[in-house]
Amino acid sequence: MNLLKKIARYLFMSIMIALISAVILVGAVLAFTQTSWFKSILRDQVISIVNEELNAKLDFERIEGNFFKSLILSGGRLSLGDTTVVSFSSLELSYDVWSLLDNRVDV
């Protein structure tokens with residue numbers, strides 16, 4: 001019986017350590033997404049992908065927001081050749097993460 005208690009205690013402690021580690025890891029990732037370094041990397045990736053997909057040139061100065069409710073693109077423009085199609089000082093994108101995970105887009 002004593003051996004069974006030790007095994008149960010070991011399993012319980014292992015599960016608790018794994019859960020605590022997972023919570024800390026998720027918190028660290030969420031905190032990292034709010035850094036200017038991450039937003040700069042994301043900005044470069046968004047510009048690269050949009051420029052390839054649209055056969056146009058998107059450029060903007062920075063990304064702001066919290067990534068879970070909305071993003072704000074500041075100081076941007078979309079150009080086709082030498083012609084500026086759209087220019088904006090601030091463009092806010094609001095969305096619901098849960099509906100996106102459910103493969104729904106609410107406009």
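Any residue in region 20-32 that is aliphatic (A, V, I, L, M) and surrounded by 12 or more Cβ atoms within 10 Å (Cβ to Cβ)?
Taking region 20-32 as the starting set, the residues that turn out to be aliphatic (A, V, I, L, M) are 20, 22-26, 28-31.
Adding the requirement that they be surrounded by 12 or more Cβ atoms within 10 Å (Cβ to Cβ) leaves 30.
Looking for residues that are aliphatic (A, V, I, L, M) and surrounded by 12 or more Cβ atoms within 10 Å (Cβ to Cβ), one finds at least one in region 20-32, hence yes.
Is it the case, given these coordinates, that TYR10 is of a type outside the set (Asp, Glu) and touching a Ser or Thr at 6+ places or on another chain (Cβ under 9 Å)?
Numbers: of a type outside the set (Asp, Glu): yes; touching a Ser or Thr at 6+ places or on another chain (Cβ under 9 Å): no.
For TYR10, the condition - of a type outside the set (Asp, Glu) and touching a Ser or Thr at 6+ places or on another chain (Cβ under 9 Å) - is not met.
What are the residues in region 55-64 that are modelled with pLDDT of 85 or more and open to solvent by 30 Å² or more (accessible area, probe 1.4 Å), if any?
Of all residues in region 55-64, those modelled with pLDDT of 85 or more come to 56-64.
Those that are modelled with pLDDT of 85 or more and open to solvent by 30 Å² or more (accessible area, probe 1.4 Å): LYS57, ASP59, GLU61, ARG62, GLU64.
Of everything in region 76-101, what is under 25 Å from PHE32 (Cβ atoms), out of contact with any Lys or Arg (no Cβ under 7 Å at 6 or more places or on another chain) and open to solvent by less than 100 Å² (accessible area, probe 1.4 Å)? Give them in sequence order.
Restricting attention to region 76-101, the residues satisfying the condition of being under 25 Å from PHE32 (Cβ atoms) are 76, 90-101.
With out of contact with any Lys or Arg (no Cβ under 7 Å at 6 or more places or on another chain) added as a condition, the list becomes 76, 90-93, 95-101.
Answer for region 76-101, where residues must be under 25 Å from PHE32 (Cβ atoms), out of contact with any Lys or Arg (no Cβ under 7 Å at 6 or more places or on another chain) and open to solvent by less than 100 Å² (accessible area, probe 1.4 Å): GLY76, SER90, LEU91, LEU93, TYR95, ASP96, VAL97, SER99, LEU100.
The values are calculated or read from the model by the stated rules, or taken from the named source; none is laboratory data. Note that the structure is a prediction, hence the values are computed from the model and not measured. Counting neighbours? That spans all protein chains shown, and the Cβs are built from the backbone with ideal geometry, glycine included. Note: accessible area is taken over every heavy atom of the protein model, side chains too, but ligands, DNA and RNA are not part of it. Shrake-Rupley method; radii C 1.70, N 1.55, O 1.52, S 1.80 Å.
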